[in-house]
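No value in this document is a laboratory result; all are computed from the given coordinates. Since the structure is predicted, the reported quantities are computational estimates derived from the model, not experimental observations. Reconstructed Cβ throughout: ideal geometry from the backbone, glycine too, with neighbour counts over all protein chains shown.
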Amino acid sequence: MTNPRSSAIQYAHENSTRFLNELKEFASIPSISTDETTKAAVLQAAQWVANHLRSLGMGNIQIFPTAGHPVVYGDWLGAGNKAPIALIYGHYDVQPVDPLNLWLSEPFTPDVRGDYIYARGITDMKGQIMVALDSIEAILKTGQLPINFKFLFEGEEEIGSPNLVTFLGAHKDLLRCDIAINPDTGTLSPDIPCITYALRGLAYMELRIFGPDHDLHSGIFGGAVLNPAQELCELIAGMHDAQGRVTLPGFYDQVRSIDPEEKEELARLPIGDQYYLNATGVPALYGEAGYTTIERLGTRPTLEVNGLLSGFTGEGSKTVLPAWAMAKISTRLVPDQQPSDVYQQMQSYLEAHAPKEIRWSLITMHGGPASISDRNSIYIKALSRALETVWHKPPVFKREGGSVPIVLDFQRILGVETVNTGFSMPDDNMHSPNEKLHLPTWYRGIDTFIHFYFNLAQ
């Protein structure tokens, strides 16, 4: 008797070139969700996903409009009532490409160079979506899917999923499932299989500082008027102390400590400071004193400046005292911290430290709490066995520094846990120029998901 797993994996290997070409086609769509000028392209990506689901034989395909970009739904329920239902989540939107001049190839013309393919969104997360779908095709074309599937693909993850919670609440019955699968995380290296069991949360905000009612001549007025750009820098500098700790009042009050067993488990991760030095190109690492780099990246909260704007920034010189200054600021949160609390903590910090010579405003943008999963759940064990089958070694467990708010929303609204996985790597340049995906790992990811789906049936 033919082994259904072996048949599916053989099919995947025989169709690897076509799988890659379909990924290239998907990644060629400039579905930048934050840019109003690419709204049509975001819709095009949604339609591409819907058509691909149809080509696989999935049913009940719908493109739901939202107040922003649409949600794509589909399902396949042919495994029967006794088989579990897995909800596959993904996002088809991507980050902006700036700065364009740093790309070595066109961001939306996927380019294979050696073992890597380069394009915006190729690893975050169009390549991860195709891992989940290509593995389903491989099983369905060679036999019977062992479990039921539902699909939920959004176009607003890169702007904080502002309309997804409303969609989940309005479609709870449609989305009813036993487990959610989120392939929007990653691994550590091509040789190390990995399971992410915790994700940090996010609170994103914009701080604006106002001084004079128009730009001033810095020679005539400099020394008599407080410079908003200078004051913005002073306020930002005060948001950390000499030990690298965030100084917002009450910022650490709800931070959950890790127990000795988890601390020991994280210490086993085969990745150290030298890896992060090589991946970033910085001369030295930085962070909160008293914690290892791995602990700081997953178990501790942070505050980062994501962008600054003020005054004259063009070529040459202009002696201007700017009327205003702006900073984009994000905080990464750990379990038990709430974005609403952090916004208030920033408000309190500014009230205590901003001088009377300027005015300021704080705009809260998007965010979500952190999430953490049970490493011993039957679903994570099913994924662990799949990874070990393909990589021939057991996976390591890690916390992820990034944020995927939908994981907590699934738990809160749909009442289901999420298995987080994926095959991107820390040096894949997500959100940066020359975003890439390691193709040998991507192909192994398809094999892994084939085993994972069969394991879930058991």
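Could you check what % of the DSSP bridge pairs in the chain are antiparallel, to the nearest 5?
Details: 48 of 69 bridges.
For the chain, the DSSP antiparallel bridge percentage is about 70.
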Quiz item: What are the residues whose amide H is under 5 Å from the amide H of G186, where those residues sit 5 or more places off or on another chain and H is modelled from the backbone?
Solution: none
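Just to be sure I understand: if I project the alpha-carbon convex hull of region 57-126 onto a plane and average over all orientations, what area do I get in nm²?
Values: hull surface 30.5 nm².
The directionally averaged projection comes out at 7.6 nm².
Too long at a 23 Å Cα-Cα cut-off: which of K150/K381; K82/K172; K393/K436; K318/K356; K126/K150; K328/K398? List each step's numbers first, then the result.
Details: K150/K381 21 Å; K82/K172 20 Å; K393/K436 25 Å; K318/K356 27 Å; K126/K150 18 Å; K328/K398 28 Å.
In this structure, K393/K436; K318/K356; K328/K398 exceed 23 Å between Cα atoms.
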Self-check item: Degrees, to the nearest 10: 39-55 long Cα axis against longest axis of the chain
Solution: 10
Quiz prompt | Karplus-derived 3J(HN,Hα), 6.51/-1.76/1.60, for each residue of region 311-322, Hz, glycine and proline x | solution = x, 8, 10, x, 5, x, 10, 8, 7, 10, 9, x
Exercise. Would you work out which of G445, G367, V390 lies farthest towards the positive end of the dipole of region 355-451, given +1 charges on the beta-carbon of Lys and Arg and -1 on that of Asp and Glu, about the Cα centre?
Key: G367
Exercise. Sort region 1-55 into rounded, prolate or oblate with this rule: let a ≥ b ≥ c be the square roots of the eigenvalues of the Cα gyration tensor; rounded if a/c is under 1.5, and if a/c is not under 1.5, prolate when a/b is larger than b/c, oblate otherwise.
Key: prolate
Quiz item: region 83-131 to region 405-458: how many Å between their Cα centroids?
Solution: 13
Quiz item: Which angle between 0 and 90 degrees, to the nearest 10, do you get for helix 228-237 versus the longest principal axis of the chain when only C-alpha atoms count?
Solution: 60
Quiz prompt | Calculated [θ] (222 nm, deg cm²/dmol) that DSSP helices of n ≥ 4 give over the chain, each run adding -39,500 (n - 2.57) | solution = -10000 deg cm²/dmol
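Determine, from the Cβ-Cβ distance of V112 and T66 and an R0 of 35 Å, the FRET efficiency 1/(1 + (r/R0)^6), rounded to the nearest 0.05.
On the way: r = 34 Å, r/R0 = 0.99.
It comes to 0.50.
Pull out the extension gain between E206 and E25, defined as 0.36 nm times the separation in residues minus the alpha carbon to alpha carbon distance; nm, one decimal. Display every interim value, and only then the final one.
Numbers: separation 181, 0.36 × 181 = 65.16 nm, distance 3.55 nm.
So the extension gain works out to 61.6 nm.
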Quiz prompt | For H240, residues with placed amide H under 5 Å, excluding near neighbours | solution = T247
Quiz item: Rounded, prolate or oblate: which fits region 88-131 when a ≥ b ≥ c are the square roots of the eigenvalues of the alpha-carbon gyration tensor, with rounded for a/c under 1.5 and prolate only if a/b beats b/c?
Solution: oblate
Quiz prompt | In sequence order, calculated HN-Hα J values of region 152-163 (Karplus, 6.51, -1.76, 1.60; Hz; x Gly/Pro) | solution = 9, 10, 10, x, 9, 4, 6, 10, x, 6, x, 10
Quiz item: What ranking, highest mean first, results for peptides 67-79, 188-200, 383-395 when packing means the other Cβ atoms within 10 Å averaged over each residue?
Solution: 188-200, 67-79, 383-395
Quiz item: Taking the Cα atoms only, what angle lies between the long axis of helix 378-391 and the longest principal axis of the chain, rounded to 10 degrees?
Solution: 80
Practice problem: Kindly rank 309-318, 34-43 from highest to lowest mean number of other beta carbons found within 10 Å of each residue. | Solution: 34-43, 309-318
Practice problem: Quick one: dipole size for region 237-294, taken about the Cα centre, charges +1 on Lys/Arg Cβ and -1 on Asp/Glu Cβ, in debye to the nearest 20. | Solution: 200
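Only Lys, Arg, Asp and Glu count, each charged at its Cβ (+1, +1, -1, -1), so figure out the dipole size of the chain about its Cα centre, rounded to 20 debye.
Numbers: 35 positive and 52 negative charges, 196 e Å.
Rounded to the nearest 20 debye, it is 940 debye.
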Exercise. Name the shape class, rounded, prolate or oblate, that the alpha-carbon gyration tensor gives for region 158-213, where a ≥ b ≥ c are the square roots of its eigenvalues, rounded holds for a/c under 1.5, and otherwise prolate holds if a/b is larger than b/c and oblate otherwise.
Key: oblate
